[in-house]
Amino acid sequence: MAQIKLQAEGLNLADTFAFSGTVTGAGGKIGQVIFGNTAVKVVGSGGGFVDTGLTASITPTATSSKVLVLINQQFLKGNSTSGYVYMKLQRQIDGGGYSDHKYITALGNYLAGDSGGTDYIGANTYSGMMLDTTNTTSQVDYKTVSQNETWNEMNPDDTGGAERGEADITLMEILA
């Protein structure tokens, strides 16, 4: 059995302590944190999905690691009819090509207007998260894409201020 010398003022941290046993519950620590952002406005013109410019890459240190993906992205639905903004999170591993990884629908389905009678759909922010099991130590790239419908804007800077329209993505490696 291990013995610890106690002194009146507490433990002497300069002493060496013997340890025999097993450490449990050590998983779940953060291995690394990667941050990416963009403030480039992307305006739709009709048809398919378009890259929003929000991207980040991480290289897990172990195949057992998970990646926590956190997204915060502004969008503006700006035509005169109510509608939807569709967004997807895509992933590629080791440059193998992007594929849909999480599909987000029905963002911003409301109609508003100004005092001059002009209808528009207001700006909103999508915040989402996903815990991803990658099973690799190769580079993993994440990006968002949005339905490229007329008047959709991703990362809109609707006031001209530098603080508006940013989109952020944070990747955290969670060690097993």
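The values are calculated or read from the model by the stated rules, or taken from the named source; none is laboratory data. None of these values were measured; they are calculated from a predicted model. Cβ coordinates were reconstructed from backbone atoms using ideal geometry, including for glycine residues, and neighbour counts include every protein chain displayed.
Just checking, does the stretch 65-75 include any residue being part of a strand (DSSP E or B), at pLDDT 85 or above, within 17 Å of Gly53 (Cβ to Cβ) and of a type in the set (Val, Ile, Thr)? Yes - at least one qualifying residue is present in the stretch 65-75.
Residues in the stretch 116-143 that are of a type in the set (S, T, N, Q), at pLDDT below 70 and part of a strand (DSSP E or B): Asn124 alone.
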